[in-house]
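As structure tokens, the structure follows; a few thoughts come after it.
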Amino acid sequence: MLTRVLVALFAFVAGHTIPVVAEEVDFATTVQPLLAKRCFSCHGPDKQEGGLRLDGRDSAIAQVDSGKRPILPGDSSKSELVRRILSRDDAERMPPEGAPLKSDQIESLQRWIDQGAEYASHWAFQPVTRAVPPEVDHHDSTLAPLDAFVVRRLEAKRLELSPPAGPQELIRRVYLDTIGLPPTPEVVAELADKWNDEAYARLVDRLLADPAFGDRWARNWLDVVRYAETNSYERDGVKPNAWKYRDYVVRAMNSDKPYDQFVREQIAGDELDQVTTETLTATGYYRLGIWDDEPADPLQARFDEYDDIVSTTSQAFLALTVNCARCHDHKIDPIPQKDYYGLVAFMRDVTSYGSRGDQALNNQIEITGHELAEKYKRLNGQIRQADQQLRKIEQAAIVKMPGPDQRATEGPEREKVLRAKLKDFLSADESVKYDELKLKKNDAQQELAAMPPREAVLGLAKCDPKPPVTYVLVRGSPQNEGAAVEPSFPKLLGQSAPSIPKMPDDAPTAGRRKVLADWLTSKDNWLTARVMVNRIWQHYFGRGISRSPNNFGLMGDRPTHPELIDHLATELMDHDWSLKVIHRQILLSATYRQSSAPNQHASDIDPDNNLFWRQSVRRLSAEQVRDSVLAVSGQLNEQQFGDSFFQTLSREVLASQSQPGNGWGNSSPADQARRSVYIRIKRSLPVPMLAVFDFPETDISCEARFLTTQPGQALGMLNSDWMQEQSAALLTRVQREVGEDLTAQATRALELVTSRRPLAEDTQELVALVERLKSKHKFSEQQARQAMCLAALNVNQFLYLD
């Protein structure tokens, strides 16, 4: 319950003076966002027009250039800021651009000033506090500790949690939320028949231990780290072995790798005390971003790579938009430009992804056994040496050739000229030597071809152990260096300066990233645990406790339940950073288990469901839609791991590239039936079935996907070749399982897509559809029944989660 205070207003009723009680205006939720959005661009940390700065109390109440005080605590009527906001003179009114402030915003600002104009620290820029679950009036044995934070807010509005979802709804919900696949109707019926809290808890434990859990939850993390398997830009070249990073994430989710270790391995997997193939694979994180193999300004492109890493790191792990301070001090958050380059300095030993001439040296980490690697090294050395000597002999002969032949050897005709005329210009000794070198090279190549393949992973194959000095770049230009900076943490998080170890002369890295990784995963870090628990909550409720998972700054959305975030963050750290502990606590909570049914009274009070008075109705994600179709049709191949597969694409889709079909292969039908997390992600060629259901942009970190409902989805679900194939497969399945009776087939198709026994009228609607298609549109029996299966795959109960 918000604190109530008396303000200096009185109402005269029946001759008595009665104080009017007004709610205290919360600076963090009401005033700070307003100032940030409408005032800070001219009167914030970056710019102070007229000497006015509003991002701190001392400067806000001090005299400005005009000699007036913008804010006079306790008296809004004498505050110049309020006078300017209320002014009808366009030359005076603030803010000068955009629409005037709304009346309720002005009233809140006035009340805040009258109440003393106290500034409060932003919720995310304070240490995590161990939030004790509050006392609630509603006592129920099913309430988990986290439920108390939700129920307390509801009780303040005279609301309560919705009733629990029925077993059929909840079983389907928890299956799709945890493993991304629907339960069979038989599983639902068996569980619902013996439904109780203990049965549900056993189900949750079984699903969290299911290998499919990693396929579902790895994809959520891949969104955040902008995972793709190509470089973007014109050529959109492949990132070899990127899929091994994806498999690393799948395994990490399934094994419940402690989140602090998960972070350390990605940030500094090559600098840890125990470096393994797994930790080296984790450094593929640095190589997932876009890369221009032919930049117009190579130096600018190099700092664009640093910006990609700093942006992704700060948003993914800290939910801070540090990248906004690349060219100037952050206009909203207290992040000076120096702090941005302090983070860049941590990353300066990270080499560029590659160069036009060598796109593997910096990013392909050799993990072949030592003996095999040495043999590869020896044979490749022999081939290089032979090539050098062969070319020397060739060049000596070329200078003796006629001019036209010499010029021809400078282009694509070189080999043709050499085959025809080289021996004519070689001495006998040179000719023998040339043949010997050719034979030696051929032998080495044959021996090389017979060897087992080398194994490599995408990651930090080569670093700069002695990185150059990092400077603040004036206006973000690498041509305009300002003051030198050392590696440093953002000052807004109240941390001391890092201690960078002195590395041995032969060290392969600068040792800085391990310091950064240790700081990110310290329990004293205010943000890392908060950010991750908010992301988990987001995928179970359709939105985070803070609706801006990548931005906990002043322009981000304040959490509706800040104490709940701190409670879950504390739980995460106290349980050795186990993510599955948080998953389990959420899944077992009454808040998660409640019904999504509407409630007009609650909706009138809280139309956006900010207080979580019911579960949200959610459309399935792109991957859930595709994987569920495969599961229902009986085609799903649950094989995990390994190289990505290519989904068959139409000629029209392939033609959308500058070089149609370039870099897109063919995979077997069995491979194409694998789960969607294993589809090849090519930046210039999004898969339509995923894209139409809001698959994210992969150039930058995606904090939350759009969940749209638009015509392209219906068109794809009804008309695409792939859906026609799946509806045929579904018909084959129901024919096999229930025979040729039409009503039985319609019933079984609806059972499979909804995971429950259908209503008789729904079955009859499908039966009527078949008869109508045959009589009115002249469909054959087979065509009509396949269309029936296609219609079943398009029902809302299949595409949406209650």
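The values are calculated or read from the model by the stated rules, or taken from the named source; none is laboratory data. Since we're looking at a predicted model, the values are computed, not measured. Glycine gets a Cβ as well: all are built from the backbone with ideal geometry, and neighbour counts include every protein chain shown. In case anyone asks, the SASA skips ligands and DNA or RNA and just uses the protein heavy atoms, side chains included. Shrake-Rupley method; radii C 1.70, N 1.55, O 1.52, S 1.80 Å.
For every residue, the table says whether it meets (1) acidic (Asp, Glu); (2) more than 24 Å from Ser255 (Cβ to Cβ); (3) in a loop (DSSP other than H, G, I, E, B).
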residue	(1), (2), (3)
Ala192	no, yes, no
Trp195	no, yes, yes
Arg202	no, no, no
Arg219	no, no, no
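Of the residues that make up segment 135-144, is at least one at pLDDT 90 or above and in contact with a strand residue (DSSP E or B) (Cβ under 9 Å, 6 or more places away or on another chain)?
No: zero hits.
On the given criteria, is Ala316 in a helix (DSSP H, G or I), small (Gly, Ala, Ser) and open to solvent by 10 Å² or more (accessible area, probe 1.4 Å)?
Considered against the rule, which asks whether it is in a helix (DSSP H, G or I), small (Gly, Ala, Ser) and open to solvent by 10 Å² or more (accessible area, probe 1.4 Å), Ala316 comes out as no.
Which pairs do you get when a residue that is in contact (Cβ under 8 Å) with a residue 12 or more places away in the chain, found in segment 386-406, comes within reach of a residue that is outside any loop (DSSP other than H, G, I, E, B) and among the basic types (Lys, Arg), reach meaning Cβ atoms under 6 angstrom, with the pair 6+ apart or on two chains?
Within 6 Å, the pairs are Ala386/Lys440; Ala386/Lys441.
Considering only segment 604-615, state which residues are of a type in the set (D, E, K, R) and touching a residue at least 40 places away in the same chain (Cβ under 8 Å).
Residues satisfying the conditions are Asp606, Arg614.
Can you find a residue that is surrounded by fewer than 20 Cβ atoms within 10 Å (Cβ to Cβ), on the phi > 0 side of the Ramachandran plot and touching a residue at least 60 places away in the same chain (Cβ under 8 Å) anywhere in segment 616-634?
yes
What number of residues in segment 355-377 are out of contact with any helix residue (DSSP H, G or I) (no Cβ under 9 Å at 6 or more places or on another chain) and either within 27 Å of Lys440 (Cβ to Cβ) or open to solvent by less than 50 Å² (accessible area, probe 1.4 Å) (or both)?
Looking only at that region, the number is 12.
Under the condition of being β-branched (Val, Ile, Thr), out of contact with any Asp or Glu (no Cβ under 9 Å at 6 or more places or on another chain) and free of Cβ contacts under 8 Å to residues at least 60 places away in the same chain, which residue from segment 528-582 is surrounded by the most Cβ atoms within 10 Å (Cβ to Cβ)?
Selected residue: Ile565.
Being farther than 22 Å from Pro164 by Cβ and either touching a Ser or Thr at 6+ places or on another chain (Cβ under 7 Å) or not in a helix (DSSP H, G or I) (or both): is that true of Pro598 here?
Taking the combined requirement at face value, the residue does not satisfy it.
Report every pair of residues separated by at least 6 positions or lying on different chains whose Cβ atoms are under 8 Å apart, first residue within segment 110-126 and closer than 10 Å to Ala28 by Cβ and in a loop (DSSP other than H, G, I, E, B), second hydrophobic (A, V, I, L, M, F, W, C) and open to solvent by 60 Å² or more (accessible area, probe 1.4 Å).
As it stands, the answer is none, since no pair meets every condition given.
Six or more apart or on different chains, Cβ under 8 Å: which pairs go from a residue in segment 280-292 that's in contact (Cβ under 8 Å) with a residue 60 or more places away in the chain and under 23 Å from Gln261 (Cβ atoms) to one that's polar (S, T, N, Q) and open to solvent by 20 Å² or more (accessible area, probe 1.4 Å)? Could you list them?
Every condition considered, the pairs that remain are Gly284/Asn241.
Any residue at all in segment 109-130 that is closer than 30 Å to Ala569 by Cα and in contact with an Asp or Glu (Cβ under 6 Å, 6 or more places away or on another chain)?
Looking for residues that are closer than 30 Å to Ala569 by Cα and in contact with an Asp or Glu (Cβ under 6 Å, 6 or more places away or on another chain), one finds at least one in segment 109-130, hence yes.
Suppose the filter is within 21 Å of Ser684 (Cα to Cα) and surrounded by fewer than 24 Cβ atoms within 10 Å (Cβ to Cβ); does Asp273 pass it?
Taking the combined requirement at face value, the residue does not satisfy it.
So, in segment 60-77, how many residues would count as being touching a helix residue (DSSP H, G or I) at 6+ places or on another chain (Cβ under 9 Å) and closer than 18 Å to Asp114 by Cα?
Looking only at that region, the number is 12.
When you scan segment 180-198, how many residues do you find that are open to solvent by less than 40 Å² (accessible area, probe 1.4 Å) and either touching a residue at least 60 places away in the same chain (Cβ under 8 Å) or closer than 12 Å to Leu588 by Cβ (or both)?
So the answer is 6.
From Gly269, Gly289, grab the single residue that is within 25 Å of Ile700 (Cβ to Cβ), small (Gly, Ala, Ser), touching a Gly at 6+ places or on another chain (Cβ under 8 Å) and modelled with pLDDT of 95 or more.
The conditions single out Gly269.
Does at least one position in segment 221-240 carry a residue that is closer than 21 Å to Leu572 by Cβ, aliphatic (A, V, I, L, M) and open to solvent by 10 Å² or more (accessible area, probe 1.4 Å)?
Within segment 221-240, none of the residues are closer than 21 Å to Leu572 by Cβ, aliphatic (A, V, I, L, M) and open to solvent by 10 Å² or more (accessible area, probe 1.4 Å).
For segment 221-248, what are the residues that are in a helix (DSSP H, G or I) and in contact with an Asp or Glu (Cβ under 6 Å, 6 or more places away or on another chain)?
Of everything in segment 221-248, those that are in a helix (DSSP H, G or I) and in contact with an Asp or Glu (Cβ under 6 Å, 6 or more places away or on another chain) turn out to be Ala242, Trp243.
Given the criterion buried (at least 17 other Cβ atoms within 10 Å of the Cβ) and on the phi < 0 side of the Ramachandran plot, identify the matching residue among Ala91, Ala117, Ala144.
Only one candidate passes the filter, namely Ala144.
Does segment 570-587 include one or more residues that are of a type in the set (S, T, N, Q) and more than 30 Å from Asn323 (Cα to Cα)?
yes
Do we have Ile332 as in a loop (DSSP other than H, G, I, E, B), out of contact with any Ser or Thr (no Cβ under 6 Å at 6 or more places or on another chain), more than 23 Å from Arg226 (Cα to Cα) and among the hydrophobic types (A, V, I, L, M, F, W, C) here?
Here the answer is yes, as Ile332 does meet what is asked.
Restricting the search to segment 753-781, which residues are touching a residue at least 40 places away in the same chain (Cβ under 8 Å) and either acidic (Asp, Glu) or assigned to a helix (DSSP H, G or I) (or both)?
Correct list: Val753, Thr754.
List the number of the failed condition for Pro73; all other conditions in (1) open to solvent by 30 Å² or more (accessible area, probe 1.4 Å); (2) out of contact with any Lys or Arg (no Cβ under 9 Å at 6 or more places or on another chain); (3) at pLDDT 90 or above hold.
(2)
Name the single residue that is nearest to Thr648 (Cα to Cα) among those in segment 684-732 being assigned to a loop (DSSP other than H, G, I, E, B), open to solvent by 20 Å² or more (accessible area, probe 1.4 Å) and of a type in the set (Val, Ile, Thr).
Val692
Residue-wise test of (1) under 25 Å from Asp223 (Cβ atoms); (2) not β-branched (Val, Ile, Thr).
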residue: Val653; (1), (2): yes, no
residue: Gly663; (1), (2): yes, yes
residue: Arg674; (1), (2): yes, yes
residue: Phe695; (1), (2): yes, yes
residue: Cys702; (1), (2): yes, yes
residue: Phe706; (1), (2): yes, yes
residue: Gly716; (1), (2): yes, yes
residue: Asn719; (1), (2): no, yes
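Would you call Glu160 outside any loop (DSSP other than H, G, I, E, B), open to solvent by 30 Å² or more (accessible area, probe 1.4 Å) and either out of contact with any Gly (no Cβ under 7 Å at 6 or more places or on another chain) or under 19 Å from Asp26 (Cβ atoms) (or both)?
No: the conditions fail for Glu160.
Filtering segment 333-354 down to residues that are touching a strand residue (DSSP E or B) at 6+ places or on another chain (Cβ under 7 Å) and open to solvent by 10 Å² or more (accessible area, probe 1.4 Å), which residue is farthest from Lys47 (Cα to Cα)?
Per the stated criteria, the residue is Thr351.
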